[in-house]
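The values are calculated or read from the model by the stated rules, or taken from the named source; none is laboratory data. Treat the numbers as computed from the prediction; the structure is a model and nothing was measured. In this analysis, Cβ positions are derived from the backbone assuming ideal geometry, glycine residues included, and neighbour counts consider all displayed protein chains.
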Amino acid sequence: MRNFIKTTSRSLLATTVLLTLAACAVGPDYKQPDVATPDEFVDASATQFNTAAVEQEFWKGFNDPLLTEIIEQSLRANHDVRIALSRLSEARALRGESRLDLAPTVTAAAGATDARASERQAVVPNADRDQDYYDAGFDAFWELDFFGRVRRGVEAQSALVQAAEADFYNTQVTVTAEVARNYFELRGAQQRLAVAQRNAANQEESLRITTARLDAGRGTQLDVSRAQALLSATRATIPDLDAAVRYSMLRLGVLTGQSPDALLAKLADAKALPALPETHGIGTPEELLRRRPDVRSAERQLAAATARVGVAVADLFPRVSFTGRWGFDATSSADLGNAGSESFAFGPSIQWAALDLGRVRQRINQREAAANGALARYEQSVYRALEETDASLTGYAQALIKQKHLRQGATSSAEAATLARARFDSGVADFLTVLDAERSMLEAEDRLAQSETQTATALLAMYKALGGGFRPLERMTVSR
């Protein structure tokens, strides 16, 4: 009885030690680093901004059904989105594989061998040199993760899955912003093209009038030449604008995961730029860092790099595993399964780099250096996100001011052209005044059209910098 109690006590002590070891994992425990951030953005006080939550599906605020349709198509079928999703699936599979290392690995094997020995190999002269051999059984391997090497590996893979998910969202942000930018550039180019064509038509009429006045003896060849020069200059801008329109259409086709010409018919009709919302929720810097997918990806990459340090540190300690085999061996297939053909072997094994710890420590130094680099990349991503957001807010605010002045200038130029034409018709002003006024009007209208496009794209840059434009995975339907 005393021996039984003594043996039981030893077993309980051994079990307690093993459970204690199994509960620990060597290496540093990850903690997200604190990075100092401002309380608000630099231009947050501008009248068009407020601290409301950022609109994730910002494109719906433009009230343009065609733009919404194209962006929805790009979220389903864009090739970059599909590539990012496949990388996420790959990361999840790698994590699943690493988790299996926590449990025993059991494999089955069976074989049949038909062998013939040479005469020199024969043990007994004139013996039958042909022999058959059959075997079937199971092999098992289990690493007892006393020091957390496997668990740190699973921790690293789990962090990489979260990083891949953040990369997927970042791809969505990039794609939606790129689609909207090309759509706005298309509408802006169509608007500029309409301005050029309208002015060309007016200038053709001016050339006709000056030619008629010359033929009637009331005009000069100088007026005709000037009218022709202005018309030619205006016509020269049209091919570039036509090319810009076509390029945007082709680009949008590819961005939606289709052939370049897929949207030509749908986008052929010129439309004005969508009206921009008057106010925009921009949140706070703290919310920005939680929302921006690229910052989240960098932080998860840092977590994975930290876990890999633990994987390397675990190699300083013995690696304990349990192996076993059970099966049957026989020289005849009919004997497989008989008691006499049964075989088994099992037991623990220890592997330790006791005389090679210098190499292990160098691997630890490698992992620590990689973790330090990941920390620097994370901090860089934080400050870059803040920089991009502040710059985009400033850019959009200034673009609105510029557009306001250009609109006033275009209105004044149109009035001046009308007055110059009236003065010329009444004989008060010469035709050069009319040409100068019309040239100024054309330039003012073209600059205004460019400014409206730039303002819209500046707003898109702001949404992109704020991390808007991605859709959670549970709401995604991606084409295969």
Criterion first (buried (at least 20 other Cβ atoms within 10 Å of the Cβ), within 15 Å of Leu442 (Cβ to Cβ) and in the same structural domain as Arg291 (by TED's automatic domain parsing)) does Ala385 satisfy it?
no
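The rows are residues; the columns are (1) at pLDDT 95 or above; (2) in contact with a Pro (Cβ under 6 Å, 6 or more places away or on another chain); (3) under 30 Å from Ser343 (Cβ atoms); (4) not acidic (Asp, Glu).
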{"site": "Leu100", "(1), (2), (3), (4)": "no, no, yes, yes"}
{"site": "Arg129", "(1), (2), (3), (4)": "no, no, yes, yes"}
{"site": "Gly137", "(1), (2), (3), (4)": "no, no, yes, yes"}
{"site": "Trp142", "(1), (2), (3), (4)": "no, yes, yes, yes"}
{"site": "Asp145", "(1), (2), (3), (4)": "no, no, yes, no"}
{"site": "Gln157", "(1), (2), (3), (4)": "yes, no, no, yes"}
{"site": "Leu160", "(1), (2), (3), (4)": "yes, no, no, yes"}
Just give me the residues in segment 212-237 being surrounded by fewer than 15 Cβ atoms within 10 Å (Cβ to Cβ) and of a type in the set (Asp, Glu), in sequence order.
Asp215
All positions within segment 301-356 that are outside any helix (DSSP H, G or I), loosely packed, with under 13 Cβ neighbours inside 10 Å and hydrophobic (A, V, I, L, M, F, W, C):
Phe344, Ala345, Phe346, Ile350, Ala354, Leu355
Within segment 221-258, can you find the residues that are free of Cβ contacts under 8 Å to residues at least 12 places away in the same chain and outside any helix (DSSP H, G or I)?
none
Search result, residues across segment 170-197 that are over 22 Å from the mean Cα position of the chain (by Cα) and of a type in the set (S, T, N, Q)
Gln190, Gln191, Gln197
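Every residue, every condition in (1) among the acidic types (Asp, Glu); (2) buried (at least 22 other Cβ atoms within 10 Å of the Cβ); (3) not in a helix (DSSP H, G or I), yes or no:
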position: Lys402; (1), (2), (3): no, no, no
position: Ala420; (1), (2), (3): no, yes, no
position: Leu432; (1), (2), (3): no, no, no
position: Glu445; (1), (2), (3): yes, yes, no
Within segment 148-166, can you find the residues that are closer than 12 Å to Val313 by Cα and assigned to a helix (DSSP H, G or I)?
Arg149, Val150, Arg152, Gly153
One residue is enough: does segment 186-198 have a residue meeting the conditions free of Cβ contacts under 8 Å to residues at least 24 places away in the same chain and on the phi > 0 side of the Ramachandran plot?
no
So if I check each of Ala385, Ala397, which one is hydrophobic (A, V, I, L, M, F, W, C), within 22 Å of Ala163 (Cβ to Cβ), touching a residue at least 60 places away in the same chain (Cβ under 8 Å) and not in a loop (DSSP other than H, G, I, E, B)?
Ala385
